[in-house]
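Q: Handing you a structure now.
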Amino acid sequence: MNEPPHRRQPTPGNPRVQRTRNRVLAVARELLPQVGPAGLTYALLAERAEVTRQTLYRHWPTRAALLFDLVLEGPDLGNYPDPGSDVGAVATAWLKSLRAGVSVPSVRTAALAVTAQADHDPDSARALVRIGEDRYAGFNRLLEPSGIQISEDEFTLLYGPVLARLFLDRGQVTDAFIDAVVTQWLTMLRSVGAPQDSEQ
């Protein structure tokens with residue numbers, strides 16, 4: 001099966017199903033930083049969320065699917081940027097939202113777990129691809145008012161330094177660091193001929 005581990009969509013019009021799902025994810029967010037990915041078993045999660053393991057498997061057939069949702073359905077930090085015509089401003093706001101998202105312990109732990117497991121777990125590998133595709137498509141939607149769309153390589157060159165600083169250097173991503181990344185990234189875009197604003 002080549003499809004990624006899709007999230008099971010709640011039954012439309014059934015608020016009870018959505019409440020259960022939200023409760024489980026809230027409990028998983030609380031537990032994950034405490035017990036780590038290996039300790040977040042379905043037995044523990046079912047006990048703490050007061051649901052059956054069968055309920056968990058209906059929503060998340062694999063642990064990778066659960067981790068996928070913990071990354072993509074993280075807490076609303078209220079800072080996801082709006083679409084805009086200024087590519088630099090959009091990129092800066094997006095990197096700041098990325099920094100805020102991975103500062104949430106459960107999101108950070110889930111993202112690192114999916115990445116670590118991807119080499120030997122096909123479900124995690126597919127989840128990691130889906131996370132990247134979701135973020136890439138979302139960023140290009142933010143750029144639509146500018147009239148440009150970036151390639152996957154150009155997207156990687158934008159977020160790569162931020163993730164490297166956070167996860168490899170174990171350093172801080174300051175506003176000044178983000179400004180430097182965006183300045184360098186815009187220089188790269190100009191060198192390959194991409195327009196930098198909505199004026200063509």
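Q: Go ahead and estimate [θ] at 222 nm for the chain from helices alone: -39,500 (n - 2.57) per DSSP H run with n ≥ 4, summed, over the residue count, rounded to 500.
A: Rounded to the nearest 500, the figure is -21000 deg cm²/dmol.
Q: Pulled fully out, how much extra length does the chain show between Glu144 and Gln54, if you take 0.36 nm times their separation in residues and subtract their Cα-Cα distance?
A: Roughly 28.2 nm would be gained on extension.
Q: Run the quick spin-label model on Ser151 and Leu44: label points 7 Å from Cα toward the beta carbon, then report their separation in nm to one decimal.
A: 4.4
Q: While we're here: Solvent-accessible area of Thr41, probe 1.4 Å, all protein chains present, reported in Å² to the nearest ten, please.
A: Around 60 Å² of this residue is reachable by solvent.
Q: Also, I was wondering about something else. With a 1.4 Å probe and every protein chain kept in, tell me what percent of the accessible surface of the chain is carbon plus sulfur.
A: Details: 5540 of 10750 Å².
Its accessible area is 52 percent carbon and sulfur atoms.
Q: If R₀ is 35 angstrom, what is the calculated FRET efficiency for the pair Thr183 and Ala26, using the beta carbon separation as r and rounding to 0.05?
A: That gives a FRET efficiency of 0.35.
Q: Related question: Taking a ≥ b ≥ c as the square roots of the eigenvalues of the Cα gyration tensor of region 105-200, is the shape rounded (a/c under 1.5), prolate (a/b larger than b/c) or oblate?
A: It is oblate, given that a/c is not under 1.5 and a/b is not larger than b/c.
Q: Can you give the extra length, in nm with one decimal, that the chain gains between Gln18 and Thr174 once fully stretched, where that is 0.36 nm per residue apart less the Cα-Cα distance?
A: 52.5 nm
Q: What is the chain's relative contact order, in percent, from Cα pairs under 8 angstrom and six or more apart in sequence? If you can, show how the numbers build up before the last one.
A: Values: 197 pairs, mean separation 46.4, N = 200.
It comes to 23 percent, rounded to a whole number.
Q: Keeping every protein chain present and rolling a 1.4 Å probe, give me the accessible area per residue for the chain in Å².
A: Value returned for the chain: 54 Å² of accessible area per residue.
Q: Counting pairs of alpha carbon atoms under 8 Å apart in space and at least six apart in sequence, what relative contact order in percent does region 105-200 give?
A: 20
Q: Please give the direction-averaged projected area of the C-alpha convex hull for the chain, in square nanometres with one decimal.
A: Over all viewing directions, the chain projects a mean Cα-hull area of 12.8 nm².
Q: Could you calculate the contour length gain from Ala89 to Val129, that is, 0.36 nm times the residue separation minus the distance between their Cα atoms, to one decimal place in nm?
A: Residue separation times 0.36 nm, minus the Cα-Cα distance, leaves 11.8 nm.
Q: Oh, and also: What residue among Ala49, Ala93, Leu70 has its Cα farthest toward the positive end of the dipole of region 35-97, where the charges are +1 on Lys, Arg and -1 on Asp, Glu, each on the Cβ?
A: About the Cα centre, the residue reaching furthest to the positive side is Ala49.
The values are calculated or read from the model by the stated rules, or taken from the named source; none is laboratory data. All figures in this text were calculated on a predicted structure; none of them were measured in a lab. Positions of Cβ are generated from backbone atoms using ideal geometry, with glycine treated the same way; all protein chains shown enter the neighbour counts. The area values use the complete protein model at the heavy-atom level, side chains included, leaving out ligands, DNA and RNA. Shrake-Rupley method; radii C 1.70, N 1.55, O 1.52, S 1.80 Å.
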